[in-house]
Amino acid sequence: VQLQASGGGLVQAGGSLRLSCAASGSTLNVYGMAWYRQAPGKQREWVAIVSSRGNTIYADSVKGRFTISRDKAKNTMDLQMNSLKPEDTAVYYCSAHRVWGRPDYWGQGTQVTVSS
């Protein structure tokens, strides 16, 4: 399985971006999927999770601003990011897991930079 993340870029604070993660090689319908991010000098942290059943969980730092979704038919996952803040600046990674907290697959990362 390969995950390809895309959609990052430079945006001003208060703006929006939409990240996408496309899976190839196998269906991920039975996998949960998640977005993580890693800011310079910080550990990677999870941002949002969508289960194989479509249930979602968000980190407190993004709750109410980010929306995770997946399309099983297309084998894709998106992250709509609104009201972006400079502290959202990071490399964003998509992942797929059968057990939460133990990713089986990672995407290559896409840079999100939010200017103040």
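Quick look at the values:
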| quantity | calculated |
| --- | --- |
| Positions within segment 87-105 being among the charged types (D, E, K, R) and closer than 18 Å to residue 65 by Cβ, in sequence order | 87, 88 |
| Selection count where residues are outside any strand (DSSP E or B) and either open to solvent by less than 50 Å² (accessible area, probe 1.4 Å) or touching a Cys at 6+ places or on another chain (Cβ under 8 Å) (or both), scope segment 67-100 | 4 |
| Test for residue 62: is it open to solvent by less than 80 Å² (accessible area, probe 1.4 Å), assigned to a loop (DSSP other than H, G, I, E, B) and at negative phi | yes |
| Top-ranked residue of segment 6-27 - restricted to ones that are under 15 Å from the mean Cα position of the chain (by Cα) and under 16 Å from residue 72 (Cα atoms), ranked as least open to solvent (accessible area, probe 1.4 Å) | 21 |
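The values are calculated or read from the model by the stated rules, or taken from the named source; none is laboratory data. Small disclaimer: the values here were computed from a predicted structure and weren't measured. Reconstructed Cβ throughout: ideal geometry from the backbone, glycine too, with neighbour counts over all protein chains shown. Surface accessibility is based on the protein's heavy atoms, side chains included, excluding ligands, DNA and RNA. Shrake-Rupley method; radii C 1.70, N 1.55, O 1.52, S 1.80 Å.
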